[in-house]
Every structure is written in C-alpha cells, then in structure tokens.
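**Q** Below: one structure in structure tokens.
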Amino acid sequence: MDGAATRKVGVEGDDDDGKWREDDVTGDAYVAPPLQHILHAASPSLQLHHPRDAKKAEAEWQKHRDEMDEGGIVENVNVKFLYRPRRLLALAALLGYMGYELYYESDSRSENGMKAMRACAACILTVGSFVFPRGPFIRPHPLVWRFIFGLMLLYELLLISLLYQRKKDARELLENLDPNLNTELEEQDYATNCEVTWLNILKQFDVFVLCHAIGWALKAVVLRDRLILWHMSVTWEFVEMTLSYKLPNFAECWWDHWLMDVLLCNGVGIEVGIWICKYLEVKKYHWLSIFDYPTFCGKVNRTILQFTPESWIRVEWDCFRNTRRYLEIHLVMLVFQLIDLNSFFLKRLLWIPTKHYINAARLLLLCTNGLVVIRQYYVLISHPTYDRIGLHSWLFYIVLATELMLIFKFSRNEFKEPMPEEVKSGLFWGGLGYLSISIAGLLYSSFRSASQRASNRFSISDRKKAD
C-alpha cells in the first residue's frame, strides 16, 4: 500500500478558471484547468500559480507523459514488499500449475485442448504481470491494471480465433467453455401488450432493471458529464427502435422506452453516478501509510481505502468548443454505443443467453479497461503535445474493431428482413435535424468565443492605457 503525502483535488491558485490575463500577451500559453488537475495528479509538488509556469508545467508533463501510457515507478511506497517483483515465485506458481494440468491427462481431445488454452492464458497473464503497461492508475495496485490488460489481450485472441471460423464451428468452439451453449435462442418480444396497466408495468421489473441502473452509474463515473450521458441515453432508445426489425428483443412499448428505460433505469443511474463524481471531486485526499494508524480498525479501514481512487480530476469535455472537439466527443459516444450494440448482436449470432456469465464478464472487462481508455483519450484531445494513443486504448480499439468484423461476417444470410420504409424516413429526417442542431450549436459557440476574445482584448488595452 502506498502511503502518499497530502493530496487535494484541484490545483491551488486557479483564480481565473483558465481565462487569459494581461501577462498572456508575452506569448506564454496558459495550461487549461483540466490539464492542471492532470499534471497535479501526476506530480503533487507542481503548483501552477501563473501563466509563466507553463514552461515548468510542460517540463513536468514531458516527465510524466510516459506514465500515462506504459506506467512508471510508484512513488511514496511504504509497504515495499507489495511492490517488489516476485519473478521466482511467479515462475514456480506457473510451472506448478502447468505440471498439475499435465498430471491429470484426459482422453478427450477437447478437454486436452482446453487445458492447453488455460496454460497459455496463465503464461500470458504471468508474463504480462511484469511487462504489460499499467496505464495512469496505481490503485489498488499496478498489478491489477496489468492483469486487466492481459485479460483484454486474451479476449482479443479469442475473438480472432472465432473470426476465422464458420459460424457453426464458432458456436461449437464456445461449447467447450460451457456445454449448455450452442443452443438456438428463443426471441423475446417486449411489445406484445402495450396497454398501460400496473400488471404490465410490474412485469418489466426484473434483475435487468437494476443492471441497467448500475451500468449507467458506471458510465457516469467514467464520463463525468451529465449532458453527454443523457444524450447517449436518449439516442440509445432511437437505436433500439431503428434496429428492432433485426433484433426482436429491441421492440418495446413506448412507455418502456421513455419511462422505464430513459427516466427510471438510465436516469437514476446517471444521477447517482454524477453525485458520486461530485463527491469524489470535492473530497480532500490525505493518504497516510498503514503503519501510521495505531489501531487495528484503522489499519483495516486504510486497507479498504486502497481500493478507492488516489486522486480525482475535474473533467471538462466542453463539446461545443470547436468543430474538432465536437467530433471527438461524438467519437466517444459512438464507442460506448457500439459496446452495447455489439453485445446484443454477439448474443444473437453466437447463441449466448442473456443471463450467461460470458456477457457479464465481457461488459465488466470493457468497463474496467474503459476507465484507462477514457483517461488516455481525454489527455490526448486536451493536451497539444500528447500525440499518441495509449496502449490500453490501442488494444481497446482493436477489440472493438474485431467484434465488428465478427458481427459483419456472421450476419451474412442471418438478417433477411429489409429495412422498413418508416425506418428509412426516420433516419433521414432525424439525421437532418440532428445535423442542423449541431451546426447551430457550433455557430453559436464560435460566436460566443469570438465575443469573449474581443472583450478580453479590449480590457487588456484599457488596462495598458490606464497604466
């Protein structure tokens, strides 16, 4: 456990919220407030009180930019034995596991194949615990994030192995993971009886209502922007309505779409997640070593707090800043929508039941890795000198692209229903309206920014004349 010095969310000395001051005419660029929080999280000793500190901030950024990707040495470690590599112990454990699997040999070819796959996975995860990148996070332990990277790599290898199989063979391959798979699913339609009665409404309350709320709360903790989250929630319902002719379980009653999903499940999850973000944003982070707590209860409490964030940065997406930022935010929303959409198509094409553990494991893996991806992506679009994609993000995009290729390949001769005319008309007019609103918002934002710049220039000129 790393007992660090006093760390507070935010940077002291930000008295103008990132606006330009008179000293900015010297040419020293002022680091935007969101980047100040990132730099402060990377180096707590760095204090940005003045725009002239931008050069110092840039030097600190160059020092810590590699830690945003490959990771680095964890500072202020007190329980040192938890952060020392145990290569010999890991080697002994790996060889012991391989010997155990070798000792219990089976006559089944499929069982022996699964043993070989498990041994390969154990080898990759063991080696990866020493060499894989940990990303920008150190809590609860860098080994956790290296392990998550290894699991993402194993998932990508599984997708590749399925990609180059026939659809029938891919389903049989998954049957090795669970003999209950490779059974055609029964399509469930939620729009058979749309009469607004308490009985129909109560029928919709199941475990998935809670799962929806928890899922959107996690998305809120990851994205930390209410406008983006509500936008994604509404657009997802339009995605379901558009693709209901391909996936019958997307067909829902109007009150199920807009009351149960948007307002109840998604809305409660979003607001709870935003509340958690605000609490963590204003919280003061003062970390002490576990040895500084005299009582046993204090040590246990410090151990539990090891699984909480070390610090928290304030995220400002500012989607209407300019056209580029607007498109970058839409890329984030598109990725999140594809994660959810891919899960439904993969279930349908590979015959994976909704309640199967594979679906939950996939979503949990992508969500935890998404924490690193969003941080790396936010830094990429916010800092002008950070010009590369983090390794976690790179692997994440490869996984998402492989899922799409798998869906497109296995969708051949699967969905034979043509797109209804009302769907085509809705896509055209909806896309046209969305494009118009986007252009109007960008024009208004650019006009407002130009007015603010002109006002700042006039105020600086007036100060100089007064002096």
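**Q** Each residue of the range 295-305 in turn: what ³J(HN,Hα) in whole Hz from Karplus with 6.51, -1.76, 1.60 and θ = phi - 60°, glycine and Pro shown as x?
**A** 9, 5, 5, x, 5, 5, 5, 5, 5, 5, 5
**Q** Taking amide H positions as placed in the peptide plane 1.01 Å from N, state which residues far from TYR285 in sequence (5 or more) or on other chains have amide H under 5 Å from it.
**A** ARG7, LYS8, VAL9
**Q** From the Cα gyration tensor of the range 103-251, with a ≥ b ≥ c the square roots of its eigenvalues, which class applies: rounded if a/c is under 1.5, or else prolate if a/b is larger than b/c, or else oblate?
**A** Since a/c reaches 1.5 but b/c is at least a/b, the shape of the range 103-251 is classed as oblate.
**Q** Using θ = phi - 60° and the Karplus form 6.51 cos²θ - 1.76 cosθ + 1.60, what ³J(HN,Hα) does each residue of the range 351-360 get, whole Hz, x for Gly and Pro?
**A** 3J(HN,Hα) across the range 351-360, in whole Hz: 6, 10, x, 4, 8, 6, 5, 4, 5, 5.
**Q** Using a simple charge model, +1 on the beta-carbon of Lys and Arg, -1 on the beta-carbon of Asp and Glu, nothing else, what dipole does the range 144-249 show about its Cα centre, in debye to the nearest 20?
**A** Computed about the Cα centre, the dipole is about 500 debye.
**Q** Oh, and also: Taking all protein chains as present, what is the carbon and sulfur share of the accessible area of the range 201-313, in % to the nearest whole number, probe 1.4 Å?
**A** Answer for the range 201-313 is 75 percent, counting heavy atoms of protein chains only.
**Q** Shape verdict for the range 103-168, please, from the Cα gyration tensor: rounded (a/c under 1.5), prolate (a/b greater than b/c) or oblate.
**A** oblate
**Q** Further question on the same structure: List the residues, sorted by chain then number, that are 5 or more residues from VAL79 or on another chain and whose placed amide H is less than 5 Å from its amide H.
**A** GLY3
**Q** May I pose another question? Which order do the peptides 338-348, 198-208 come out in when sorted by mean C-beta neighbours inside 10 angstrom, highest first?
**A** Peptide ranking by packing, descending: 338-348, 198-208.
**Q** For the range 252-404, what is the accessible area per residue in Å², given a 1.4 Å probe and the full set of protein chains?
**A** That works out to 47 Å² for each residue.
**Q** For GLU316, tell me the accessible area in Å² from a 1.4 Å probe, rounded to the nearest 10.
**A** 70 Å²
**Q** Starting from 0.36 nm per residue, how many nanometres of slack lie between LEU143 and ASN176 once their C-alpha separation is accounted for?
**A** Separation in residues times 0.36 nm, less the Cα-Cα distance, equals 9.0 nm.
**Q** In whole Hz, with x marking every Gly and Pro, tabulate ³J(HN,Hα) for the range 283-290 from phi via Karplus 6.51 cos²θ - 1.76 cosθ + 1.60, θ = phi - 60°.
**A** Values per residue, Gly and Pro as x: 5, 8, 9, 10, 9, 10, 5, 4 Hz.
The values are calculated or read from the model by the stated rules, or taken from the named source; none is laboratory data. Just so we're clear, the structure is a prediction, and the values are computed from it rather than from any experiment. Positions of Cβ are backbone-derived with ideal geometry, glycine not excepted, and every protein chain shown enters the neighbour counts. When the accessible area is computed, the model is the full protein with side chains, heavy atoms only, and any ligands, DNA or RNA have been set aside. Shrake-Rupley method; radii C 1.70, N 1.55, O 1.52, S 1.80 Å.
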